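Structure first, then comments.
The values are calculated or read from the model by the stated rules, or taken from the named source; none is laboratory data. Treat the numbers as computed from the prediction; the structure is a model and nothing was measured. Neighbour counts are summed over all protein chains in view; Cβ atoms, including those assigned to glycine, are modelled from backbone coordinates with ideal geometry. With ligands, DNA and RNA removed, areas are computed over all heavy atoms of the protein, side chains included. Shrake-Rupley method; radii C 1.70, N 1.55, O 1.52, S 1.80 Å.
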Amino acid sequence: MIIGVLNQKGGVGKTTIAINLAATYAKSGLRVLLVDADPQGSALQWSAARDAEPLFPVIGMAKPSLHRDLPDIAKDYQVVIIDGAPRVNELGRAAILASDLVLIPVQPSPYDIWAAADTVSLIQEAQQFKPDLKCAFVINRKIANTAIGRDVGDALAQFEHVPVLNATLHQRVIYAESAGQGLAVIEAEPNSEAAREIAALSKALTSTNEKKAA
Ligand SMILES: Nc1ncnc2c1ncn2[C@@H]1O[C@H](COP(=O)(O)OP(=O)(O)OP(=O)(O)O)[C@@H](O)[C@H]1O
Ligand SMILES: [Mg+2]
């Protein structure tokens, strides 16, 4: 399973989610590869900040040929997570074409909802070549008990062909704190709400991938 965590908008949580999903799948015993497809190299920096033994390898592949180069490397892994680059369409396209399932993080903000259209249209373009390509939104940085937190799901319903996962990630300081030490939340605070919400997201993705493939 190749999961691309992608959004053409910057700062929505792609790297945070990619790293934490990779760690959660690895902790569950799967062979995981994390591909840093962003020239900023944030996932590589995370891995360099780490003193602990690696849970999974992180490789840099911020290239428009990603979809051609990755399959050969991916076959040695059960789960491959791509941390996508913002803004650059040719990198976005390559990462989408390399994926079985594209996860689009969006924050509960009108700017994120408006910007989601760019990523959705890149996915729809790719689906012409790859009709089995799946995609889903995940709401990230939700703040509990806020109207915008509740309304974001309704606002995303305008993208009829892109489901919104029930698994939602909340605004939690542990995401940034753990990253600074090159750790995932499942390592820094295994019994935290953050670790639980990432685990729920990882299960939702596995079942989305299996459901539609059947
Ligand atoms: N659920 C969350 N709770 C708190 N902080 C978060 C959460 N998700 C992401 N962040 C913080 O938001 C900032 C942006 O996150 P991140 O770098 O993962 O986004 P990105 O989409 O990868 O950005 P870019 O487009 O620049 O690659 C970081 O400081 C990160 O720690
Ligand atoms: Mg990033």
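Quick look at the numbers
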{"quantity": "Relative contact order (%) - criterion: Cα under 8 Å, at least six apart; region: region 2-213", "calculated": "25 percent"}
{"quantity": "For region 6-15, 3J(HN,Hα) per residue [Karplus equation, 6.51 cos²θ - 1.76 cosθ + 1.60, θ = phi - 60°, Hz, x = Gly/Pro]", "calculated": "9, 6, 5, 7, x, x, 8, x, 4, 5"}
{"quantity": "Percent antiparallel among DSSP beta bridges (both partners in the chain, rounded to 5)", "calculated": "0 percent"}
{"quantity": "Where Cα atoms sit under 18 Å apart: lysine pairs in the chain separated by 8 or more or lying on different chains", "calculated": "13"}
{"quantity": "Stretchable slack from GLU189 to GLU177, in nm (0.36 nm times residue separation minus alpha-carbon distance)", "calculated": "3.3 nm"}
{"quantity": "Protection-proxy order for peptides 94-105, 114-125, each taking the mean of Cβ atoms within 10 Å per residue, highest first", "calculated": "94-105, 114-125"}
{"quantity": "Values of log10 I(q)/I(0), in the order q = 0.16, 0.17, 0.19 Å⁻¹, for region 153-214 under a Debye, Cα-only, solvent-free model", "calculated": "-0.66, -0.71, -0.81"}
{"quantity": "Two-site label geometry, ASP118 and HIS170: point separation in nm, points 7 Å out along Cα→Cβ", "calculated": "3.1 nm"}
{"quantity": "Amide H partners (placed H, <5 Å) of LYS142, local residues excluded", "calculated": "LEU169, HIS170, GLN171"}
{"quantity": "Peptide ranges 76-88, 13-25, 133-145 listed from the most packed, as the mean C-beta count within 10 angstrom indicates", "calculated": "13-25, 76-88, 133-145"}
{"quantity": "Net length gained if the chain between LYS130 and ILE148 were fully extended (0.36 nm per residue, minus Cα distance)", "calculated": "3.1 nm"}
{"quantity": "Cα centroid of region 139-157 to Cα centroid of region 1-18, whole Å", "calculated": "18 Å"}
{"quantity": "Convex hull (Cα only) mean projected area of region 2-213, reported in nm² to one decimal", "calculated": "10.7 nm²"}
{"quantity": "Rounded percent of accessible protein surface that carbon and sulfur make up, the chain, 1.4 Å probe", "calculated": "51 percent"}
{"quantity": "The chain, accessible area per residue, ligands and nucleic acids excluded (1.4 Å, Å²)", "calculated": "46 Å²"}
